[in-house]
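A quick write-up on the structure given underneath.
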Amino acid sequence: MAFNMTSLWSILGFISLLRGFLPREFTEMLEMWWSKLLRPAKRFSQFQIPENEGSGMSNDLYRVVKLYLGAANLCTDADELVLSRKENDDDITYNLADGESVVDTLEGVKVWWTHSIKSLGKDDDQREESKFVLKMHRRNKDFVMNSYLPRVVTRAMEHRRQLQQLYLYSNNSSYWECHTFKHPSTFDTLAMEPGLKARVKSDLQSFIEGQKFFRKVGRAWKRGYLLFGPPGTGKSSMIAAMANHLKYNIYDLELTQVYDNSTLKQLLVNTTSKSIIVIEDIDCSLELSGQRAKDVAPPVETPNVQVESRVTLSGLLNFTDGLWSCCGDERIIVFTTNHVEKLDPALLRPGRMDMHIHMSYCCFETFRVLSANYLSIDSHPLYDSVKSLLENGVLITPAQVTEILFGNKDDPIAALEALIVRLKEKPAEDAKKTGNDLKKEVVADAVTREKVEEDVKENQHGLKKEIPESMKDHADQGKEGKPENGVDSKKEYVGTLKEIVDTWKENGVSLEKIVDGFAKTLPESTSCKQYQLPIALQS
């Protein structure tokens, strides 16, 4: 054995002596042969991940490994670290120093990560080149390539998503303006019914994990959400919570600032993947509740006058669900409205608005979330009174509750007592407000008609104008005689009608014309008795 080793070293010495005389190609072949000869003796394999590729382009995998080591808290196991922190950032970043190594394990397979920094160039042209070296046992090489490294990439991408700065984009004509987005709303602080909140979070999670499914079924990887309900119920906070949960940027699309359908397509193409496109108060943005296609006359351009938007319902439908909606992956489209009944059904069908989320008035569970957020309490003896009032039909929005709690945030008892007083006053206040609104609306119509039409026939014709829907709803409540929120709606409505009739009398409308006008305005199957008109006219 000693003789063989001596002979081997003699051969190697002879080859080394001849390297200076042999052609370069021949020596490279000898080195390759020699490495193959010694390969069975190697116990480990190594992967090198340089910061930059040979072409000078940055290697994204290097940054992925750096993120992974931070996400897995592996760097803190090293003896020597490089610490850094970005401006306005709360967290300190830990990175491996030159030559430091850490160990990672997956399913019993051990690997070693080493960070290496090498200086290149001379004098003024000197630069540093960093790389990670991944070492593993040769027998585990296939496992590392097929299982470990994909896990590294997945974990790093999730960590990158959590760390990234979010941005809010607003459209100005045909381009987007960027603003830093730091809204604090999360699903934990969002005040809404717990079951609905859980369904929304589950649906969002299924969406972000559904890339393979969407490709399998041949659908664009996007999702539509319709948020509807009264003002002050948390629709904007819901959007912010979705963005913070998914780490998606927000594109706030103002349709009135979009010139035409072509501009709308251009804005869509210029949005990024992993984003939320929002159209708030869509029922107020444009005339989108009527026919799908309307012949829109070209706008007349005049100096210093803003050109009116020519976006059509058809253009918006193509934006949300047409071929152009496929220009990008992992997008969410959100519509908000206070009046869902005003929207064209074509906007609301599945595929455009896949999930309809009713942001309703404050319930007891919603109040508990708000109380925990603003008063830092989970229970109190006064909770029973709040629960009783809310469950008996008192309508109050989360925004109104928030204002009361915020005003007494340093005194929980005072806050709860103020809320209870407000809840007790709310039904009568709402009924009075509704009656006044009805009176103003109907009286305004009557006075306007009186000024325009002087004779009896024209006056009667003017009174045929349809009664507002809100008045009919209130009349139906009066007809049924059911108390609403602790107030007798029937008596309240009769009082409202009496005020309306008195005002008409003051404006010179005869009693006969009032009765005749109401009779012609109501449906044929409805008599004035059902609307309590005779009672209102008894005076």
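The values are calculated or read from the model by the stated rules, or taken from the named source; none is laboratory data. All values reported here derive from a predicted model rather than from experimental measurement. Every residue, glycine as well, gets a Cβ built from its backbone with ideal geometry; the counts of neighbours run over all protein chains shown.
Summary of computed values
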{"read-out": "Single condition residue 160 does not satisfy, out of (1) assigned to a strand (DSSP E or B); (2) modelled with pLDDT under 90", "value": "(1)"}
{"read-out": "Filter result for residue 2 (modelled with pLDDT of 70 or more, of a type in the set (A, V, I, L, M, F, W, C) and farther than 21 Å from residue 129 by Cβ)", "value": "no"}
{"read-out": "Qualifying residue in the stretch 22-32 (condition: touching a strand residue (DSSP E or B) at 6+ places or on another chain (Cβ under 9 Å) and at pLDDT below 85)", "value": "no"}
{"read-out": "Listing of helices (runs of 4 or more DSSP H) fully contained in the stretch 360-436 that carry 1 or more residues being acidic (Asp, Glu) and out of contact with any Pro (no Cβ under 6 Å at 6 or more places or on another chain)", "value": "383-391, 398-407"}
{"read-out": "Search result, residues across the stretch 164-188 that are outside any strand (DSSP E or B) and either small (Gly, Ala, Ser) or exposed (fewer than 15 other Cβ atoms within 10 Å of the Cβ) (or both)", "value": "164, 165, 173, 174, 182, 184, 185, 186, 188"}
{"read-out": "Every residue from the stretch 194-209 that is in contact (Cβ under 8 Å) with a residue 40 or more places away in the chain and either touching a helix residue (DSSP H, G or I) at 6+ places or on another chain (Cβ under 8 Å) or hydrophobic (A, V, I, L, M, F, W, C) (or both)", "value": "194, 196, 200, 201, 204, 207, 208"}
{"read-out": "Identity of the residue in the stretch 321-347, modelled with pLDDT under 75 and assigned to a helix (DSSP H, G or I), that ends up farthest from residue 259 (Cα to Cα)", "value": "326"}
{"read-out": "Matching residues, the stretch 386-434, being surrounded by fewer than 17 Cβ atoms within 10 Å (Cβ to Cβ), of a type in the set (A, V, I, L, M, F, W, C) and over 16 Å from residue 369 (Cα atoms)", "value": "395, 413, 414, 418, 420, 421, 428"}
